[in-house]
Amino acid sequence: MPILNSILSWWMKKRIHQIELFIKYPYEVQQDWFVKLIQSSYATEWGRKYGYSSIRSVEDFRNRVPVQNYDSLKPYIQRIMNGEQNILWGSEIKWFAKSSGTTADKSKFIPVSTESLEECHYKGGKDLLSLYCNNNPQTQIFSGKSLALGGSHSINAYNAESFYGDISAIIIQNLPFWAEFIRTPDLSIALLDDWEEKIERMVAATVTENVTNLSGVPTWTIVLANHILQLTGKKNLLEVWPRLELYVHGAVNFAPYREQFKKLIPSDSFNYLETYNASEGFFGIQDLNHSDEMLLMLDYGVYYEFMPIEESGKENPKVLSLHEVEKGRNYVLVISTNAGLWRYIIGDTIRFTSLNPYRIQITGRTKLFINAFGEEVMIENTDNAIRIACEKTGALIKDYTVAPVYFSSLDNGAHEWLIEFERLPDDESYFTEVLDNALKSLNSDYEAKRFKDMALRMPVIRYLPKGTFFAWMKSKGQLGGQHKVPRLCNERKYVEEILKMIHQEITP
């Protein structure tokens, strides 16, 4: 295995030169991909509709093609799922990533072409290893196996030749045969639909393996880790897998989970690596050790545009190219891809932390926010506020969600937090005070609304019984994979569902 580790580490590092090229020439690389995408789609129904054959510039593209969302593309996607081809993209599309960004009732099916698998998703997976090996020359990551906690897949009911599932499951299903030698567990377990059965079988199949790296959504990785420790009687994961050196995470802000992972993996030399891998594409990789920002990957078959957050919702929003963005501003991400998503709003908001090279942070979702009283609170604010409150009160959280409490004849509005703790705070009232003050320091609009309780009073904190979020997600059929608890909602739908479920469980 040491020889294999050396060979694979060397092979992965060969990609670094190409990454350095797009860092040096970002606009040229993006322009090249813009031209390729347009030219590849001349003959598609979409390309004919918008006259792609005569598009000569980005300005032509913007003037002809409106900004899209899932609802506007859904009729085209549904036709592809029914077996039609050459609609949005020229090559055959038979895979669809079932989006699970929130617990919303309506699922989204995102087309996944062969090109997007190979030039985007697989390339992103290789690049995160390339960057990791380059930054950690003594790595032994290939001396053992990778444990990826992915989703499941099933045959699409519309057409026997097309398939859908979590993007992680689609990637696992289509990996080259040699990848099976460096990953665990086998496909029969990795792609199970029943999440609870999958966890039990994953534990049994992996505890005896030499696992060197983990990847997955933090929430479900913690669930798996706790099952492993319960079965083995070990105190932490390093007692189970002594050569474990890397955890690759994404999909949610890692800050609220960091303390739990320090307990699970008590090593100062352990490495964490963040990625931005969505159903629609692989967009960013943490390229520096001990960083909280990601390099925007510019040569993955994706042409990027950026909508200033204040333009969101307008009929004709102003949208910027890469060379027009500013550091520190929030933008809605707009993409055109080699799977036929054209000027598509994926729902994430980002902020540039550097313009040379282009590095980003995910700041939230366009639909996951609270602005019931003009406070404009985003996930980034609440994640950081709860992290600060936990640090100052000795608490550890498992998950949380927040919603507004509306004005009444008796009281002003508030934010209601439903929090499931791994370890309760030492002082509950002090926790609330610290959380409130942290949010004030992070968001001036919230601070203004909290002034003398004129619009918003102190947050209302509900301490949930352990297992509440798991039971709620299970009731919605959304365990595992990329499913996650929605942090914020501008209405009370999720909060009311959870509180009703708890009430029914305790009422005889």
Qualifying GluC sites (Glu not before Pro) in the stretch 276-321, DSSP loop, other Cβ atoms within 10 Å at most 13 = GLU315
By how many nm would the segment from ASP186 to ASN134 lengthen if fully extended, with 0.36 nm per residue of separation less the alpha-carbon distance?
-> 15.9 nm
Counting Lys and Arg as +1 and Asp and Glu as -1, what is the net charge of the other residues whose Cβ lies under 11 Å from the Cβ of LYS36?
-> -4
Picking from ILE461, ILE370, ILE502, whose Cα lies most toward the positive end of the charge dipole for the stretch 369-506 (charges on Cβ: Lys, Arg +1; Asp, Glu -1)?
-> ILE502
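State to the nearest 20 debye the size of the charge dipole of the chain about its Cα centre, where the only charges are +1 on K and R beta carbons and -1 on D and E beta carbons. If you can, show how the numbers build up before the last one.
Numbers: 55 positive and 63 negative charges, 73 e Å.
Roughly 360 debye for the chain.
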Of ASN356, VAL35, LEU435, which is farthest on the positive side of the dipole of the chain, counting Cα position, with +1 on Lys and Arg Cβ, -1 on Asp and Glu Cβ, and the Cα centre as origin?
-> VAL35
Per the charge dipole of the stretch 210-325 (beta-carbon charges, Lys/Arg positive, Asp/Glu negative, Cα centre), the residue among PHE283, LEU231, SER312 reaching farthest to the positive end is LEU231
Express in whole angstrom the spacing between the alpha-carbon centres of the stretch 458-480 and the stretch 386-454.
-> 17 Å
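Return the FRET efficiency for the residue pair GLU239, GLU428: r is the Cβ-Cβ distance, R0 is 35 Å, and the value is rounded to the nearest 0.05.
Details: r = 33 Å, r/R0 = 0.95.
The value I calculate is 0.55.
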Interchain or sequence-distant (5+) residues whose placed amide H lies within less than 5 Å of the amide H of MET297 are GLY284, ILE285
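Please get the size of the charge dipole for the stretch 245-293, origin at its Cα centre, with Cβ charges of +1 on Lys and Arg and -1 on Asp and Glu, quoted in debye to the nearest 20.
Dipole magnitude for the stretch 245-293 comes out near 240 debye.
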Pop the C-beta distance of GLU311 and LYS474 into the FRET formula with R0 = 51 Å and round what comes out to the nearest 0.05.
-> 0.85
What dipole magnitude, in Debye to the nearest 20, does the stretch 369-506 give about its Cα centre under +1 on Lys/Arg Cβ and -1 on Asp/Glu Cβ?
-> 380 debye
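If you only keep lysine pairs separated by 8 or more in sequence, or across chains, how many in the stretch 198-297 come under 17 Å at the Cα atoms?
Working: LYS234/LYS262; LYS234/LYS263; LYS235/LYS262; LYS235/LYS263.
Here the count comes out as 4.
Read-outs throughout are calculated quantities, based only on the coordinates presented, and are distinct from any laboratory measurement. It should be emphasised that the depicted structure is a prediction, and the values quoted were computed from it without experimental measurement. Counting neighbours? That spans all protein chains shown, and the Cβs are built from the backbone with ideal geometry, glycine included.
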